[in-house]
Amino acid sequence: MQLQLKTNMNTSRLLDVSQPTVMGILNVTPDSFSDGGQYHGLDAAFQQAKKMVADGAKIIDIGGESTRPGASAVTLEEELARVIPIIKLIAAELDVVISIDTSKAQVMRQAIAAGAHIINDVRALQEEGALQAAAELAVPVCLMHMQGQPSTMQDAPSYQDVTAEVIAFLQQRIDDCVNAGIKRENIILDPGFGFGKTLEQNYQLLADTPAFHQFGLPILIGVSRKSMIGNLLQCNESQRLAGSLACANSAATDGAHIFRVHDVRETADTLAIVAQLKKHRVC
């Protein structure tokens, strides 16, 4: 399973995600739930990106707007000021795939022009101009399910069947993307853990990871340090490594492809063990 990436106007490269692939989280924000403010400066952000690449990240996901529960929106100008300098620096200095975590069409356009390769949108290209921008840019896109908006999504999540409803939403967004001119094989799917789901609904989705293989597309799992771990284990963000690795282990065993994480080396080690075990299973 491969994603076609554009490196400039004349060339392209392929990213193989048939084996579990680590996406390192780089939040250049002052208020993200786990690492807000730690990598807000350009040098600190770049040093963290270097460390994540050395630790095994194949993708660096750069975000300039927090989408934690209750988060406030930021202006276009502020988001661009946060993400464009670090994208340019990483693109110039590191051999790694860059993902831009945004819902704004103009940020998508400027980020790809600056050197990013993938659009990762928690709103699944539903904001004004986003679908058209992604189609014109012709880069891989990650579509995530979210019930509501970050400011209110955890107030009262409600589903009759969470997995069926997430699958139906993703199918509709796939259809909309293909109709807009996005290549189906360049679509990544994210069930949206923690985005408008209760603790039980999050674990139901994780247990149902195999159901998402029906699309034949890469599955991204983003559970690292989230409240679905903290609320179950009654621990804060700094104490959620074991829970994060347990979730990664489960999803990798069930065939997920991309793992969006804070703890790159530990996750890469976990995924290597899972891959080795899969080679020796006969059924």
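The values are calculated or read from the model by the stated rules, or taken from the named source; none is laboratory data. Fair warning: this is a prediction, and the values are worked out from it, not measured in the lab. Please note: Cβ atoms are built from the backbone with ideal geometry, for glycine as well, and neighbour counts cover all protein chains shown.
What to note about this one:
- For the stretch 70-117, a residue qualifies if it is of a type in the set (A, V, I, L, M), in a loop (DSSP other than H, G, I, E, B) and touching a strand residue (DSSP E or B) at 6+ places or on another chain (Cβ under 7 Å), and the qualifying residues are VAL96, ALA116.
- Filtered residue count, the stretch 118-141, keeping only those that are in a loop (DSSP other than H, G, I, E, B) and either over 23 Å from GLY196 (Cβ atoms) or hydrophobic (A, V, I, L, M, F, W, C) (or both): 7
- Residue in the stretch 132-146 that is over 22 Å from VAL97 (Cβ atoms), out of contact with any Phe, Trp or Tyr (no Cβ under 7 Å at 6 or more places or on another chain) and at pLDDT 95 or above present: yes
- Neighbours by Cβ (under 6 Å, 6+ apart or cross-chain): first from the stretch 164-181, outside any helix (DSSP H, G or I); second surrounded by 12 or more Cβ atoms within 10 Å (Cβ to Cβ): GLY181/ALA135
Table: residues versus (1) modelled with pLDDT under 95; (2) under 22 Å from ALA134 (Cβ atoms); (3) touching a strand residue (DSSP E or B) at 6+ places or on another chain (Cβ under 6 Å); (4) surrounded by 15 or more Cβ atoms within 10 Å (Cβ to Cβ).
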| site | (1), (2), (3), (4) |
| --- | --- |
| ILE182 | no, yes, no, yes |
| TYR203 | no, no, no, yes |
| LEU206 | no, no, no, yes |
| THR209 | no, no, no, yes |
| GLU237 | yes, no, no, yes |
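- Qualifying positions in the stretch 239-268 - surrounded by fewer than 21 Cβ atoms within 10 Å (Cβ to Cβ), in a helix (DSSP H, G or I) and touching a residue at least 40 places away in the same chain (Cβ under 8 Å): SER250, ARG265
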